[in-house]
Amino acid sequence: MLTQNLGYPRIGINRELKKACEKYWAGGLDENQLQEIGSQERKKNWQVQKEAGVDLIPCNDFSFYDHVQDISFMLDVIPARFRSLEGKLSALDLYFAMCRGYQKDNLDVTAMEMTKWFDTNYHYIVPEFVKNQSFKLRNKKIIEEFLECKKNGVIDPKPVIVGPISFLLLGKEKESDFHRIDLIDSLTDVYIEFLKELSGYGCKYIQIDEPFLVTDLEDQVKETYSRVYRRIRNEIPDLKIILATYFDDLGKNLILAVDLPVYALHIDLIRGENQLENVLNTIPKDMILSLGIVDGRNIWKNNFETSLKLIDIAIQNHGFKKVWLAPSCSLLHCPYDLALETNEDSLPKEVKSWMAFAKQKLKELITLKKLKSIKENVYNELFTDLVFNAKLHAEKKISPLINNPKVENKLQRLLKNQAKRNSEFQIRIEKQDAKYGFGILPTTTIGSFPQTKEIRGKRSDFKKGEISEEEYESFIKSEIKNAVQWQENIGLDVLVHGEFERNDMVEYFGEQLDGFAFTENGWVQSYGSRGVKPPIIFGDVSRSKPMTVKWSQYAQSLTDKKMKGMLTGPITILQWSFVRNDQPRMLTAFQIADALREEVLDLEKAGIDIIQIDEPALREGLPLKQSRWEKYLNWAVKAFRICSLGLKDETQVHTHMCYSEFNDIIKAIADMDADVISIETSRSQMELLEVFSDFEYPNQIGPGVYDIHSPRISSVSEMKDLLEKASEIITIKNLWVNPDCGLKTRQWDEVKPALENMVKAAQMIRKEKVLNNHITIN
């Protein structure tokens, strides 16, 4: 029985890669220095896995920004707008320009689109395909890292790459009259080229990830899978292909998957826990079955008793040597090492005892293998671990840290509530227009302003006790005051306080809610150099005191303009946390929603009557199979609506969503019944807005006109063009003007000119509309 790992975190145990990339972008490192840091991080990861005893260690799971973008760049899938940079930039800088955009030397090139990796909080760069797309090996990253891994003492490195069909399906067509799957034959040619070269260098195993096999597939795509993998097998018969699926069960694609001519099939038994019996009844006897038995997406300790039962079933039906053990998916989605967590104030000792990070998950994997190794001396050695594991899980079930009877009683009442505002939108919006009188194209931002080095430093000093609470709050008030004055000066209509007191849009709320715990070093990659430190929801959630009222109320006292209260929604808090696995996610979402409802009512009482409840992760939580969508959307929408129960009609509720395709869930978005929704649209050039027009979305919309995930500064004319496009799709009286997302990751020297340009663009269109159509504005 072999063990394999599907991928390992790559940003560095202390975020070394993040810091190095940002220093490189700022000009503080040269390319050789950055490449050396990348090499060091790869070597550390391989060493950790080697010392843990993993049999098949992955390579090519490292990336300076994104593993999907690595493939696009390796295969020369470079959009035409970036070709002007070839010869002017190094290969690495061209790669980064595609990810982040480029605005230097009189050149201004927009970044490629970014979206969520299936239902995770990881973002990938979306490949762009044209009708006559050509593919060639621009570089040999996968081969180079295989040889580097071998040089570092790994006997049989296992290169990892997203498969050709999933790669195409992850992308978008940028021309009409073709489907990207039509490109499969020429793409397969290049895959075969580098796979042959790998085989020639002694590569025995290749992990090809085809996560789309757990989704609903069209017949054309199913036929393509069979044809492509038969061709690869025929041309490279000696290469042992490990076909990896994850994030769900194979479902209707099971027969397709087991009929593919591959050496091993990996299945996810965490997200697809009920598929084992069907797989065992279907898989060929000569195919290796890799069991994704350790949770690669959450931080809870493995239940050895449950896992061993599944392993036993697999061995009895398929044979000891035909069963491998693995995490359910890449450990990219987990923090590095639980041993780094030493603060019992934020992470209680008992809660920590229930957890395992990436390094500990490797140990769990090897322990499970040893427990099934049938060697008496090894079993006796591990028997204590088995008993302790069972005892820990039994005690966890009844822990008072987890169970709060008051929350459970309130939850039963919420389950019966229809969760609707007092009046329909048309009645509410008439009252809101009369109260606020914004006129057409009101301008605002999504919420956060830059978290400067000084702000982060003051927060750190306060947490360490190096400055007093009075000194810290005085500093935050000063930042808010400056931000409010600047917003007034540039002419924004609805202001925000800037969220300078917040470390993270989820962590900040979790720190003030019961049922949450926190790590000091539990970073995971969200995109590029952006890391997040997800809170841990371990028990029943409730609110003991107001969380945001003080700062919103202070900001409102500084201005006669309207100040938005800013909250993170229940589904986003759920999705962007490590969530308890002992009850349905729906129940946890409703608990969070009820806590936020209390906060919303307190904001209204304090005079904050425009309240934004962000739900950027609503679509991210959508099940991968369409048959399960309705159930999820029903409870997700209800959780959002619980938040606004009891508000006056005049109180305006905003929400925000980013990097989502809305076509197939537009009715659910309408059912959320937010008065105003802001969405990311700038990178797609308002493409994402069209569905709101086709559906005749009844409420108001703020399409993003400033791409905040790029350092480039959008011009007035560029934003004006986007707003004019938007006004052709959505009636202008329903349009708001805002950036794509919050601005905490940007610098003030980018934000200030961009937002000034945004306001100017809105003002220019207002004047034009008044002159041409005699529209009255306030």
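The values are calculated or read from the model by the stated rules, or taken from the named source; none is laboratory data. None of the values given here were measured: they were computed from a predicted structure. Backbone-built Cβ (ideal geometry, glycine too); neighbour counts: all protein chains shown. Surface accessibility is based on the protein's heavy atoms, side chains included, excluding ligands, DNA and RNA. Shrake-Rupley method; radii C 1.70, N 1.55, O 1.52, S 1.80 Å.
Assorted remarks:
- Using a simple spin-label model with pseudo-atoms 7 Å out from Cα toward Cβ, residue 277 and residue 343 lie 4.7 nm apart.
- Accessible area of the stretch 574-698 belonging to carbon and sulfur atoms, whole % at 1.4 Å probe: 46 percent
- Between the residues 548, 186, 48, the greatest Cα displacement towards the positive end of the dipole of the chain, with unit charges on the Cβ of Lys, Arg, Asp and Glu, is found for 48.
- Fully extending the segment from residue 488 to residue 151 would add 115.3 nm, taking 0.36 nm per residue of separation and subtracting the current Cα-Cα distance.
- Placing +1 on the Cβ of every Lys and Arg and -1 on the Cβ of every Asp and Glu, with nothing else charged, gives the stretch 591-691 a dipole about its Cα centre of roughly 440 debye.
- Diffusion constant of the stretch 62-215 at 25 °C, which comes from Stokes-Einstein with the Kirkwood Cα-pair radius and 0.890 mPa s, µm²/s: 148 µm²/s
- Derived scalar couplings between HN and Hα for the stretch 621-633 equal x, 5, x, 6, 9, 4, 4, 9, 5, 4, 4, 4, 5 Hz in order, rounded to whole Hz, by the Karplus curve 6.51 cos²θ - 1.76 cosθ + 1.60 (θ = phi - 60°), x for Gly and Pro.
- Accessible area in square angstrom per residue, the stretch 101-172, 1.4 angstrom probe: 36 Å²
- Note on the stretch 470-562: Kirkwood radius taken over Cα pairs, Stokes-Einstein applied at 20 °C and 1.002 mPa s, translational D equal to 140 µm² s⁻¹.
- Sorted largest first, the principal axis extents computed over the alpha-carbon atoms of the stretch 490-615 equal 47, 34, 21 Å.
- Calculated mean residue ellipticity, 222 nm, the chain: -13000 deg cm²/dmol, from DSSP H runs (n ≥ 4) at -39500 (n - 2.57) each, averaged per residue and rounded to 500.
- The fraction of Cα-Cα pairs per 10 angstrom bin, counted from 0 for the chain, comes to 2, 13, 23, 26, 20, 11, 3, 0, 0 percent, rounded to whole percents.
- Rg and Dmax [Cα atoms of the stretch 1-58; Å; Rg one decimal, Dmax integer]: 13.8, 49
- Estimated at 0.36 nm per residue, the fully extended path between residue 473 and residue 285 surpasses their Cα-Cα distance by 61.1 nm.
- When a 1.4 Å probe is rolled over the protein heavy atoms, the share of accessible surface on the stretch 218-356 that falls to carbon and sulfur comes to 47 percent.
- Expected-Rg normalisation [2.2 N^0.38 Å, Cα atoms] applied to the stretch 1-116: 1.22
- The angle between the Cα long axis of helix 184-200 and the main principal axis of the chain comes to about 50°, on a 0 to 90 degree scale.
- Neighbour-limited loop hits for chymotrypsin sites (Phe, Trp or Tyr not before Pro), the stretch 386-495 (at most 11 other Cβ within 10 Å; DSSP other than H, G, I, E, B): none
- Interchain or long-range residues, amide H under 5 Å from residue 677's placed H: 655, 700, 701, 702
- Percent of C-alpha pairs per 10 Å bin in the stretch 442-520, short distances first: 17, 42, 31, 10, 0.
- With the largest listed first and rounded to whole Å, the semi-axes of the equivalent ellipsoid of the stretch 60-145 from the Cα gyration tensor are 20, 16, 14.
- These residues, 744, 760, go from largest to smallest accessible area, 1.4 Å probe, as 760, 744.
- Qualifying trypsin sites (Lys or Arg not before Pro) in the stretch 184-293, where qualification requires a DSSP coil assignment and no more than 10 other C-beta atoms within 10 Å, comprise 285.
- In nm, spacing of pseudo-spin labels at residue 557 and residue 763 (7 Å Cα→C-beta vector): 3.0 nm
- Rg over Rh for the stretch 619-778 works out to 0.99, using Cα positions for both radii and the Kirkwood form for Rh.
- Share of carbon and sulfur in the accessible heavy-atom surface of the stretch 401-447 [1.4 Å probe, %]: 49 percent
- Relative to the longest principal axis of the Cα atoms of the chain, the long axis of helix 304-318 makes an angle of roughly 50 degrees.
- For the stretch 41-138, the Cβ-based charge dipole about the Cα centre amounts to some 240 debye (Lys, Arg positive; Asp, Glu negative; other atoms uncharged).
- J(HN,Hα) series, the stretch 560-566, from Karplus relation 6.51 cos²θ - 1.76 cosθ + 1.60, nearest Hz, glycine and proline x: 8, 6, 6, 10, 7, x, 10
- Proximal charge balance of residue 558 [Cβ under 14 Å; K/R count +1, D/E count -1]: +3
- Two-decimal log10 I(q)/I(0) for the stretch 146-185, as the Debye equation yields it once each C-alpha is a single scatterer, q = 0.15 Å⁻¹: -0.54
- Residue 672 accessible area, 1.4 Å probe, all protein chains in place, Å² to nearest 10: 10 Å²
- Rg/Rh, computed from the Cα trace of the stretch 387-529 with Rh as the Kirkwood radius, has the value 1.08.
- Ordering of 257-265, 426-434 by packing is 257-265, 426-434, highest average first (other Cβ atoms within 10 Å, averaged per residue).
- D_trans [Stokes-Einstein, Kirkwood Rh over alpha-carbon pairs] for the stretch 181-270, 20 °C, 1.002 mPa s, µm² s⁻¹: 157 µm²/s
- The stretch 216-265 shape via C-alpha gyration tensor axes, a/c threshold 1.5: oblate
- For the stretch 270-359, GluC sites (Glu not before Pro) meeting the loop criterion (DSSP other than H, G, I, E, B) and having at most 15 other Cβ atoms within 10 Å: 273, 344.
- Estimated FRET transfer efficiency (residue 431, residue 408; beta-carbon r; R0 35 Å; 0.05): 0.45
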